[in-house]
1. What shape does segment 48-120 take by its C-alpha gyration tensor, where a ≥ b ≥ c are the square roots of the eigenvalues and a/c under 1.5 counts as rounded, a/b above b/c as prolate, and the rest as oblate?
2. Answer with one residue from Q95, F111, L247: the one whose Cα lies farthest towards the positive end of the charge dipole of the chain, charges on Cβ with Lys, Arg +1 and Asp, Glu -1.
3. From a point 7 Å beyond the Cα of Q381 in the direction of its Cβ, which residues of segment 6-29 have a backbone N at a distance under 17 Å?
4. With +1 on the Cβ of every Lys and Arg and -1 on the Cβ of every Asp and Glu, and nothing else charged, how large is the dipole of the chain about its Cα centre, in debye rounded to the nearest 20?
5. Order of 74-82, 432-440, 203-211 by packing, highest average Cβ count within 10 Å first?
6. Put L448, L116 in order of accessible area, largest first, 1.4 Å probe: what do you get?
7. If you place +1 on the Cβ of every Lys and Arg and -1 on the Cβ of every Asp and Glu, how big does the dipole about the Cα centre of segment 79-235 come out, in debye to the nearest 20?
8. Tell me, what is the percent relative contact order of segment 130-200, built from C-alpha pairs under 8 Å that lie six or more residues apart?
Amino acid sequence: MSLIKLDEKFLGTELREKVDAKMSVAVEKLHSIQEKSCVGSEYTGWWDYPQIYGFNLVKDVQAYINSLDVAYDLVLVIGIGGSYLGTRAVSSAMQHSYQGLVNSDKPLISFLGHHLSETAMIEVLDLLDERQPIVNVISKSGTTTEPSVAFRVVRKYMEDRFGKDEASKRIIATTDKDKGALRQVSQDLGYKSFVVPDDIGGRYSVLSPVGIVPLALAKIDVEALMEGAHQVFNELKSGDLNNHPVLRYAAARNVAYESDKRIEILSYINPKLFYVVEWWKQLFGESEGKDGKGLFPAGLAYTTDLHSLGQYVQEGVRNLFETFIHFDDASTSHRGAVEQQLKVPVSESNVDQIGYLEGKRINDINYGAMVATKIAHFDGQVPCVEIQAPSLSEKTIGALFAFFETACAVSCLMLDVNPFDQPGVEAYKKNLFGLMGKPGFEDLGQELKTRL
Ligand code: PA5
């Protein structure tokens, strides 16, 4: 039985039949990933990574953390795209939303290098002042502008505050095994370093040192994360693949696209999943959106967005396909188990007209709202599927990573696009180099300036 399930009831009979007809193609694409015969096969190192490397990596990282001779209460992750989103997805889902204010005994995790906002950088420096930081700078290429700029700022801060020797004990680099500026700097300054595997692209790298090192530093259960992913990869090695939820989800996306749907909404009802959805958006957007093809991945938070974009989903342009994601909630609160079940209190007066909800769990009302929304959207010609996972935990998030990575690669192959490259990302980078005067880009800079 699969750890993660897919409910296709509200896809509608016609699309469900089309999914059935597509399953042999989906299975064939999965096999081409497993056999490394697909396009981009040199980047399929994420497939079955937990079993091949992951569990050993967890042991090595834990041993390293146990040997650290600096105390810290803040983990600062510097990276962009696939170099930070997986870590942020897990930490936001698993840590208390007010970590640092409550649960103050656990390390705080913070992020930089994923934008070029001066104000936001200064605010992170303010935070560093209040804490004993450890820094993990992560860049596969080692040359990406945003984390490079942030790292210069933070490195100077760390050296000014702690001196070069202690700063070098508080900085960990995760990068290519021998290429790039970050590898060079770590060698020169004696930073502990971890390697981003050659055969894994950024957005598929959360289970590699890219995610495991900072998450383990933040005291998140990375072994359980690996275990969940391992379970899903294992499920996909044998058995009834025609009915496996990963492949059925990939096929459902494909038939939605062929039925002229152009936007996939991933809807969720627990705000702690915000960054899981951000991770998913990057994975699918960067993998599938090329050659003029692909579903545009969007995320909606319910019930919040039912009072905003919900109107559009119900009655706007009918090019939407919606995937709901639901985990049974598990609280990260430090309150006792009984207090974790929050029910609508009984009240003497019914002036708010919610007497019918008295004694009901908030979770149950929330799920009720999601089911109500799904039916309404289906009736409004938005085909829907629901991904169902057991209670929110490191294990189920790990399983979800394996679920989406595999489904994404299969979806792309079904659309005949390479799931592992991102040629479109270069366009803005070149323009930025030209506008900011990088040597070698002067002519482009001149040409762009004439257009302003
Ligand atoms: O998925 C990808 O490959 C990208 O999103 C990268 O992760 C992102 O561009 C950051 O690259 P790097 O780790 O080389 O700094």
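The values are calculated or read from the model by the stated rules, or taken from the named source; none is laboratory data. From a predicted model like this one, the values you see are computed outputs, not experimental measurements. Every residue, glycine as well, gets a Cβ built from its backbone with ideal geometry; the counts of neighbours run over all protein chains shown. The area values use the complete protein model at the heavy-atom level, side chains included, leaving out ligands, DNA and RNA. Shrake-Rupley method; radii C 1.70, N 1.55, O 1.52, S 1.80 Å.
1. Note, shape of segment 48-120 comes out oblate.
2. F111
3. 11-15
4. 500
5. Packing order, densest peptide first, comes out as 203-211, 74-82, 432-440.
6. Largest to smallest exposure gives the sequence L116, L448.
7. Result for segment 79-235 is approximately 260 debye, rounded to the nearest 20.
8. Answer for segment 130-200 is 36 percent.
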